[in-house]
Amino acid sequence: ETGVTQSPTHLIKTRGQQVTLRCSSQSGHNTVSWYQQALGQGPQFIFQYYREEENGRGNFPPRFSGLQFPNYSSELNVNALELDDSALYLCASSPPVPNYGYTFGSGTRLTVV
Amino acid sequence: AQSVSQHNHHVILSEAASLELGCNYSYGGTVNLFWYVQYPGQHLQLLLKYFSGDPLVKGIKGFEAEFIKSKFSFNLRKPSVQWSDTAEYFCAVNRAGGSYIPTFGRGTSLIVHP
């Protein structure tokens with residue numbers, strides 16, 4: 001098992017810029033979910049992708065968008081960055097049989113200045 | 001929508017002390033429950049999970065959790081903690097038969113003194 005890998009590990013952006021975060025799912029996993037974890041908080045669900053389609057979305061504005069590719073890897077894009085977007089962004093993959101728990105990556109630490 | 005409450009945000013214990021971390025959820029239907037752990041500098045890892053059957057679930061590293069449906073609770077326990085248990089602990093719940101997308105609590109920071 002290769003696990004879930006995320007890139008980059010750390011990123012500093014200026015308010016108003018755009019950012020793209022990347023995630024490679026664990027081998028055999030076809031579903032990818034993205035979470036935002038602010039300091040001192042639990043992960044907040046952003047959206048999930050299954051078979052390249054968005055399969056659920058949390059309470060995040062449209063400037064948070066994503067993609068899933070045929071190899072099940074995924075991207076999270078955030079436009080018009082705001083200071084409050086500073087957080088750890090977590091990617092999690094899960095297998096075709098649901099509910100066996102998610103495998104998380106180590107996250108991308110985004111700082112918006 | 002379901003929500004998860006973790007009552008203790010910070011817990012400090014000495015080695016060999018017993019641990020119980022509270023978790024309550026709000027959802028009237030059938031749920032699946034999880035505890036995740038995040039060791040310093042590491043990614044979130046699944047500690048244990050409950051789908052159905054015996055409400056007392058045993059996980060890795062000597063942890064266990066008990067599902068009490070009438071109390072909407074899924075508390076995490078360990079009889080004797082070790083320094084290496086220092087970590088953030090997150091309770092999560094999803095709706096059985098739904099989208100299976102888990103909702104997380106805000107976490108409990110556990111510090112174990114040697």
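The values are calculated or read from the model by the stated rules, or taken from the named source; none is laboratory data. Predicted model, so just to flag it, every value in this text is computed and none were measured. So basically every Cβ, Gly included, is an ideal-geometry build from the backbone, and we count neighbours across all protein chains shown. SASA here: full protein model, heavy atoms, side chains in, ligands and nucleic acids out. Shrake-Rupley method; radii C 1.70, N 1.55, O 1.52, S 1.80 Å.
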> For chain A, what Kirkwood radius comes out of the mean inverse Cα-Cα distance, in Å?
Replying inline: 13.9
> How large is ³J(HN,Hα) for each residue in region B:45-52, as worked out from phi by the Karplus curve 6.51 cos²θ - 1.76 cosθ + 1.60 (θ = phi - 60°), to whole Hz, x for Gly and Pro?
Replying inline: 10, 6, 8, 6, 8, 10, 10, 6
> Which log10 I(q)/I(0) values, to two decimals, does the protein assembly as shown give at q = 0.16, 0.18 Å⁻¹ under the Debye formula with one point per Cα?
Replying inline: -1.12, -1.35
> When the accessible area of the protein assembly as shown is computed with all protein chains present and a 1.4 Å probe, what percentage of it is carbon and sulfur?
Replying inline: 51
> Once you list every other residue whose beta carbon is under 14 Å from the beta carbon of B:H113, what net charge do they have if Lys and Arg are +1 and Asp and Glu are -1?
Replying inline: -2
>> I need the phi-derived Karplus couplings for region B:64-77: 6.51 cos²θ - 1.76 cosθ + 1.60, θ = phi - 60°, integer Hz, Gly and Pro marked x.
In response: 8, 9, 10, 8, 10, 4, 5, 9, 6, 10, 8, 7, 9, 9
> Mind checking which aspartates and glutamates have their C-alpha under 19 Å from A:K13, skipping anything on the same chain fewer than 8 residues away?
Replying inline: A:E75, A:E82, A:D84, A:D85
>> Using a Cα-Cα cut-off of under 16 Å, which lysines could be cross-linked to B:K69, ignoring same-chain neighbours fewer than 8 residues away?
In response: B:K49
> Where Lys and Arg each count +1 and Asp and Glu each count -1, what net charge lies around B:L13 among other residues with Cβ under 14 Å from its Cβ?
Replying inline: -1
> Which one of B:G59, B:L46, B:Y100 has its Cα pushed farthest toward the positive end of the charge dipole of region B:4-113, where Lys and Arg give +1 and Asp and Glu give -1 at the Cβ?
Replying inline: B:Y100
>> With every protein chain kept in place and ligands, DNA and RNA left out, what is the accessible area per residue of the protein assembly as shown? Probe 1.4 Å, answer in Å².
In response: 48
> Could you give the Stokes-Einstein D for region B:4-113 in µm² per second, using the C-alpha Kirkwood radius, 25 °C, 0.890 mPa s?
Replying inline: 176
>> For a quick check: with amide H placed at 1.01 Å from N, whose amide H comes under 5 Å from A:S73's, ignoring anything fewer than 5 positions away on the same chain?
In response: A:S25
